[in-house]
Amino acid sequence: MNILMIEDNESVSEMMQMFFLNEGWEAEFKYDGKEGLDAFKSNPEKWDMITLDLNLPSMDGMEVGRQIRKISKTVPIIMLTARDSESDQVIGLEMGADDYVTKPFSPLTLIARIKALYRRSELTAEPQKDSESNDENFDVQTAHFKMNLKTREAYLADKLIEGLTPKEFDLLYTMAKKPRQVFTREQLLELVWDYQYFGDERTVDAHIKKLRQKIEKVGEQVIQTVWGVGYKFDDTEVGQ
């Protein structure tokens, strides 16, 4: 695995370098936001994972993340945030980060998050086959909605839902393949993110918010809130 760690605290970088080497991973460290962005832009295909601190000199982590997402919708990004910066965590997830780890953090925690996120990204990175991406090959199909795992496309009322990030697509697929089933936030964390968040449910809510915004651009809302429980996919009232 090739990791780009954009982190202005050299002590943190030096500590993580030892753990990365122990895992057999290659890592490059940048201590400045603009330098980190330039490193990514110079060879976007090189990186399997990015860890991104939010408080960076020259260019803050939020802007770095936005610029990275303009170049790549799929490269996994883990934000590193201060423990009390809940608003930063939510904004960062909305910006396109896949996960966050709060500081101070255990190196083993970050390693576990990287492994889980990388495993999930590998499982969903299926090659596209144009010859198979037709109406006969949708993995989920209801009266008004359909999804194709090979092309990573989702349609509502035959309109493409554009700009879905990998996590948003996986979240939508998890719910849509079991229409009207209610999922708790904890269940979605385990099914989509592949590990426990120890009760931190804000990442689900942030991704649901962005997912709903993209769905509403093409049609009626199909992600419903079940108050006090969680969320469900339901398109039975579309067009009524």
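On the stretch given as the stretch 158-198, residues that are among the hydrophobic types (A, V, I, L, M, F, W, C), at pLDDT 90 or above and more than 14 Å from the chain's Cα centre (by Cα) total 6.
How about the stretch 24-36: which of its residues are closer than 23 Å to THR102 by Cβ and either small (Gly, Ala, Ser) or open to solvent by less than 10 Å² (accessible area, probe 1.4 Å) (or both)?
Here is the first cut: in the stretch 24-36, the residues closer than 23 Å to THR102 by Cβ are 25, 27, 29-33, 36.
Matches in the stretch 24-36: ALA27, GLY33, GLY36.
State yes or no: is ALA27 more than 30 Å from LYS214 (Cβ to Cβ) and aliphatic (A, V, I, L, M)? So ALA27 passes the test. Remark: pairs (first residue in the stretch 1-21, over 13 Å from ILE78 (Cβ atoms); second residue of a type in the set (Phe, Trp, Tyr) and open to solvent by 70 Å² or more (accessible area, probe 1.4 Å); Cβ separation under 7 Å; 6+ apart in sequence or on different chains) = ASP8/TYR31; GLU10/TYR31.
Determine, yes or no, whether GLN67 is touching a Leu at 6+ places or on another chain (Cβ under 6 Å), part of a helix (DSSP H, G or I) and either at pLDDT below 90 or not aliphatic (A, V, I, L, M) (or both).
Details: touching a Leu at 6+ places or on another chain (Cβ under 6 Å): yes; part of a helix (DSSP H, G or I): yes; either at pLDDT below 90 or not aliphatic (A, V, I, L, M) (or both): yes.
Yes: the conditions hold for GLN67.
Regarding LEU52, is this residue open to solvent by less than 70 Å² (accessible area, probe 1.4 Å) and part of a helix (DSSP H, G or I)? No; evaluated as a whole, the condition is false for this residue. Please go through the stretch 50-61 and pick out each residue that is farther than 15 Å from GLU35 by Cβ and at pLDDT 90 or above. None; the set is empty.
Scanning the stretch 201-234 for residues that are among the polar types (S, T, N, Q) and surrounded by fewer than 19 Cβ atoms within 10 Å (Cβ to Cβ) turns up GLN213, GLN221, GLN224, THR225. A Cβ distance below 7 Å, combined with a sequence gap of six or more or placement on separate chains, defines the contacts here; from the stretch 28-56, residues that are touching a residue at least 40 places away in the same chain (Cβ under 8 Å) reach residues that are in a helix (DSSP H, G or I) and open to solvent by 30 Å² or more (accessible area, probe 1.4 Å) in the pairs ASP48/TYR118; MET49/TYR118.
So which of GLN128, GLN141 ends up being of a type in the set (S, T, N, Q) and either modelled with pLDDT of 75 or more or buried (at least 20 other Cβ atoms within 10 Å of the Cβ) (or both)? Before you say what the answer is, go through the steps one by one.
On the way: GLN128 fails: either modelled with pLDDT of 75 or more or buried (at least 20 other Cβ atoms within 10 Å of the Cβ) (or both).
Answer to the selection: GLN141.
Scanning the stretch 210-233 for residues that are of a type outside the set (Val, Ile, Thr), within 17 Å of ARG185 (Cα to Cα) and touching a strand residue (DSSP E or B) at 6+ places or on another chain (Cβ under 8 Å) yields LEU211, ARG212, GLN224, GLY230, TYR231, LYS232, PHE233.
The values are calculated or read from the model by the stated rules, or taken from the named source; none is laboratory data. Quick caveat: nothing in here was measured; it's all calculated off a predicted structure. With ideal geometry, Cβ positions are generated from the backbone for all residues, glycine too; neighbour counts draw on all protein chains shown. To get the accessible areas, we keep the full protein, side chains included, count just its heavy atoms, and leave off ligands, DNA and RNA. Shrake-Rupley method; radii C 1.70, N 1.55, O 1.52, S 1.80 Å.
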